[in-house]
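Some notes on the structure that comes next.
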Amino acid sequence: MRVIIQPDGDTIAALVAESIVDLVNEKPNAVLGFATGSSPLGIYRELIKAYREGRVSFKDAWGFQLDEYVGLPADHPELYRNVINRDIESQVDFAEGRVHAPNGNSEDLQSAGDEYDAMIADAGGVDFQILGIGTDGHIAFNEPGSSFTQGTHVETLTPQTREDNARFFGGDISRVPTHCLTQGLGTIMEARKVALVATGEGKAEAIAELIEGPVSARWPATILQHHPDATVLIDEAAASKLEMQDFYRFAWENRLPWQTV
Ligand SMILES: N[C@@H]1[C@@H](O)[C@H](O)[C@@H](COP(=O)(O)O)O[C@@H]1O
């Protein structure tokens, strides 16, 4: 795992976005994995900027979202499909039908999950997966106790996650869905490259577990310790509980030319 500690979220966003721009310029039909939440918003802003400046085009690229709430109406502003459409898809030049999310309104959610994994595989597999992390250590919506090998499946959201996400639902936890359809940790581990971004003290415990804790279903993100190409990008506050933070800074400052996000 590469650990990159930066002063702020904007610097982190610029680093991740540059890596994605380079990838899409090299491989125009790249498959990008999109995360929701506030953490990736800076990355999307940088990608939109690069597109507007003519430095990248997404017309042949693919996008697959990590997860979706179960049971939100199609026009709900917090349906993750609408969030990603608003925050990135509609602001760049993705071709029609190239950005997908699990169908959280399917009558048969597990079949929808299986079909979603098959669609990702048909597109060639995810080349670059953007990830945030929940305060309880979830990635996508894989809550504590999740299987390390599962594909896209239904999860029950923890009270902690629903409380954290209530801010998107007028601060009212009762309006936050109880279930979701999420890429499993098995799906995420198949991505060729993953970049997890986190800022703020609220993420410090989850980040310490992710990087320095034992691999455990209690902190699902810890499975990334087994990923061959994972980068964790954090600000000083999110890094504050890491025992080896000085070493991570040294390693990044003294990186070799090919060592990037
Ligand atoms: N399903 C999403 C996750 O993919 C995201 O990583 C997490 C953290 O969100 P934020 O970046 O807003 O802290 O929120 C949601 O639960």
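No lab work stands behind these numbers, since they all come straight from the coordinates. Just so it is clear, the model here is predicted, and its values are computed rather than measured. Neighbour counts run over all protein chains shown; Cβ positions are idealised from the backbone, glycine included.
Pull up all non-local amide H partners of ALA140: gap of 5 or more, or a different chain, and H-to-H distance under 5 Å with H placed in the peptide plane.
Long-range HN contacts for ALA140: GLY132.
Order of 31-42, 244-255, 96-107 by packing, highest average Cβ count within 10 Å first? List each step's numbers first, then the result.
Values: 31-42: 21.3, 244-255: 13.0, 96-107: 17.1.
Packing proxy ranking, top to bottom: 31-42, 96-107, 244-255.
Ordered by residue, what ³J(HN,Hα) values in Hz, to whole numbers, does region 33-39 give under the Karplus form 6.51 cos²θ - 1.76 cosθ + 1.60, where θ = phi - 60° and Gly and Pro are x?
Along region 33-39, the couplings run x, 9, 10, 9, x, 7, 4 Hz.
Gap in Å between the Cα centre of region 3-37 and the Cα centre of region 45-73?
Cα centroid to Cα centroid, the span is 11 Å.
Would you work out if region 95-229 is rounded, prolate or oblate? Take a ≥ b ≥ c from the square roots of the eigenvalues of the alpha-carbon gyration tensor; rounded if a/c is under 1.5, else prolate when a/b is larger than b/c, oblate otherwise. Write down the numbers at each step before the final one.
Details: a/c = 1.66, a/b = 1.11, b/c = 1.49.
Oblate is the answer for region 95-229, as a/c is 1.5 or above yet b/c matches or exceeds a/b.
How would you classify region 2-253 from its alpha-carbon gyration tensor, with a ≥ b ≥ c the square roots of the eigenvalues: rounded for a/c under 1.5, else prolate if a/b is greater than b/c, otherwise oblate? List each step's numbers first, then the result.
On the way: a/c = 1.42, a/b = 1.08, b/c = 1.32.
Here region 2-253 falls in the rounded category.
For the pair MET1 and GLU243, how long in nm is the line joining their label points, each one 7 Å along Cα→Cβ?
1.4 nm
Would you mind telling me the antiparallel percentage of the DSSP bridges in region 2-253, rounded to 5?
Values: 9 of 31 bridges.
Here the share of antiparallel DSSP bridges comes out near 30 percent.
Note down the magnitude of the dipole of the chain about its Cα centre, charges +1 on Lys and Arg C-beta and -1 on Asp and Glu C-beta and zero elsewhere, to the nearest 20 debye.
On the way: 20 positive and 40 negative charges, 86 e Å.
The dipole of the chain has a size of about 420 debye.
Collect residues whose amide H, placed 1.01 Å from N in the peptide plane, falls under 5 Å from the amide H of CYS180; neighbours closer than 5 in sequence don't count.
Here VAL70, GLU155, LEU157 satisfy the definition.
So what is the 222 nm mean residue ellipticity for the chain from helices alone, if each DSSP H run of at least 4 adds -39500 (n - 2.57) and you divide by all residues, rounding to the nearest 500 deg cm²/dmol?
Working: 9 runs with 86 residues, N = 261.
Mean residue ellipticity at 222 nm (helix-derived): -9500 deg cm²/dmol.
In terms of modelled amide H atoms, which long-range or inter-chain residues lie less than 5 Å from the amide H of GLN65?
It is PHE34, HIS100, ALA101, by chain and number.
Over the chain, what is the relative contact order in percent, taking alpha-carbon pairs closer than 8 angstrom and at least six residues apart? Intermediate results must be reported in sequence, preceding the final value.
Numbers: 537 pairs, mean separation 65.5, N = 261.
It rounds to 25 percent for the chain.
What list of ³J(HN,Hα) couplings, whole Hz, do you get for region 79-89 from phi and the Karplus terms 6.51, -1.76, 1.60, once you set θ to phi - 60° and write x for glycine and proline?
Calculated HN-Hα couplings, in order: 4, 4, 4, 6, 4, 5, 4, 5, 7, 9, 3 Hz.
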